[in-house]
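For reference, the structure is listed below as structure tokens.
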Amino acid sequence: MAFVRVCGLSELEEGTPKRVEIDSTPVSVVRTEGEVFAINDICSHANVSLSEGEVEDCTIECWLHGSSFDLRTGKPSGLPATRPVPVYPVKIEGDDVLVSVSQES
């Protein structure tokens, strides 16, 4: 599993998604509730960037239609989305946030 540095921990604002790209894969990195999560940045219902949505209680909401996805599992918690989005392993080393898109959780 290859981890790639995506940003510094100090660059992540609590509850504000940060969009990054790893090997052409769009990823939304989110710091919330004392943890850092990485989730595919594209809503499974529509081709919309999740990093433009709101974060609340370990979920990220698609701004277009209001579906929310669990940052831990990628599962939708509300319609219209019915399919999960991939989530990725995250490691913190010092101030570095590392994500691996070679293995989905």
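The values are calculated or read from the model by the stated rules, or taken from the named source; none is laboratory data. For clarity, every value in this text was computed on a predicted model and none was experimentally measured. Cβ: placed from backbone, ideal geometry, glycine included. Neighbour counts: every protein chain shown. Ligands, DNA and RNA are excluded from the accessible area calculation, which covers all protein heavy atoms including side chains. Shrake-Rupley method; radii C 1.70, N 1.55, O 1.52, S 1.80 Å.
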Seminar exercise, completed: Note on the stretch 21-105: the mean projected area of its alpha-carbon convex hull, in nm², is 5.3
Seminar exercise, completed: Other residues with Cβ under 9 Å from the Cβ of residue 5 give, with Lys and Arg +1 and Asp and Glu -1, a net charge of -2
Exercise. Kirkwood-based Rg over Rh for the stretch 1-58 (C-alpha set), two decimals?
Worked result: 0.95
Problem set entry | Mean separation of Cα contacts under 8 Å, 6 or more apart, over the residue count of the stretch 12-74: relative contact order % | 24
Exercise. At a 1.4 Å probe, what is the % contribution of carbon and sulfur to the accessible area of the stretch 24-105?
Worked result: 44
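So how much slack lies between residue 24 and residue 64, counting 0.36 nm per residue of separation and subtracting their Cα-Cα distance, in nm?
12.1 nm
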Exercise. So what is the accessible area of the stretch 1-72 per residue, in Å², with the probe set to 1.4 Å?
Worked result: 50
Problem set entry | Relative contact order %, the chain, counting alpha carbon pairs below 8 Å whose residues are six or more apart | 27
Exercise. Taking the stretch 12-105, which chymotrypsin sites (Phe, Trp or Tyr not before Pro) meet the DSSP loop condition and have no more than 15 other C-beta atoms within 10 Å?
Worked result: 63
